[in-house]
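Report on the structure given below.
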Amino acid sequence: QVALVESGGGSVQAGGSLRLSCVASGSIFSTNAMAWYRQAPGNQRELVAFVRSRGTPIYVDSVKGRLYISRDDAENTVYLQMNSLKPEDTGAYYCNTFPVPQADWGKGTVVTVSS
């Protein structure tokens, strides 16, 4: 059974930075694209970015140039470097496979950006 454990969230002011991490146990990591998803308060969970092993990262337009996804296949870890944060980046962040989330969702890590 695959477990996903996200960490690194926190409260920052607009313009600040955070680095999120997600460790995946089990066998899904090496054979799948991994993604970060975000769920803002009152909204549905949405894709933020994904990256295949040795692939080019893909981002939704709202985060291009500010958020950067990377992965360490040896450590089964996916990262999200978050720079120039905006209040609209506030939400709970989750990792999972892409395009179909195959693992049970982890608890996520909460990012709060104040203006």
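Annotations for the structure displayed:
- Among the residues listed as GLY55, GLY16, GLY26, the single one being touching a residue at least 12 places away in the same chain (Cβ under 8 Å) and closer than 22 Å to SER115 by Cα: GLY16
- Among the residues of the range 45-58, those that are part of a strand (DSSP E or B) and over 14 Å from TYR93 (Cβ atoms) comprise VAL51, ILE58.
Condition check ((1) touching a helix residue (DSSP H, G or I) at 6+ places or on another chain (Cβ under 9 Å); (2) open to solvent by 20 Å² or more (accessible area, probe 1.4 Å)) across all residues:
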| site | (1), (2) |
| --- | --- |
| LEU4 | no, no |
| SER7 | no, yes |
| VAL48 | yes, no |
| VAL51 | no, no |
| GLY65 | no, yes |
| SER70 | no, yes |
| ASP73 | no, yes |
| MET82 | yes, no |
| GLU88 | yes, yes |
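- Residue that is surrounded by the most Cβ atoms within 10 Å (Cβ to Cβ), among those in the range 90-112 that are in contact with a strand residue (DSSP E or B) (Cβ under 8 Å, 6 or more places away or on another chain) and β-branched (Val, Ile, Thr): VAL111
- Test set (1) at pLDDT 95 or above; (2) touching a Lys or Arg at 6+ places or on another chain (Cβ under 9 Å) - SER53 fails condition number: (1)
- Any pair with Cβ under 7 angstrom, 6 or more apart, that starts in the range 80-106 at a residue that is over 12 Å from ARG45 (Cα atoms) and of a type in the set (Lys, Arg) and ends at one that is at pLDDT 95 or above and assigned to a loop (DSSP other than H, G, I, E, B): LYS86/ALA14
- The range 53-63, subset open to solvent by 30 Å² or more (accessible area, probe 1.4 Å) and β-branched (Val, Ile, Thr), residue farthest from GLY15 (Cα to Cα): THR56
- Extreme residue, farthest from THR56 (Cα to Cα), among residues of the range 22-44 that are open to solvent by 30 Å² or more (accessible area, probe 1.4 Å) and assigned to a strand (DSSP E or B): GLN39
- Test result for ARG19, under 16 Å from the mean Cα position of the chain (by Cα), closer than 14 Å to VAL78 by Cα and open to solvent by 20 Å² or more (accessible area, probe 1.4 Å): yes
- Sole exception among (1) on the phi < 0 side of the Ramachandran plot; (2) within 15 Å of the chain's Cα centre (by Cα) for PRO87, by number: (2)
The values are calculated or read from the model by the stated rules, or taken from the named source; none is laboratory data. Predicted model, so just to flag it, every value in this text is computed and none were measured. In this analysis, Cβ positions are derived from the backbone assuming ideal geometry, glycine residues included, and neighbour counts consider all displayed protein chains. Calculation scope for accessible area: heavy atoms of the full protein, side chains included, ligands and nucleic acids excluded. Shrake-Rupley method; radii C 1.70, N 1.55, O 1.52, S 1.80 Å.
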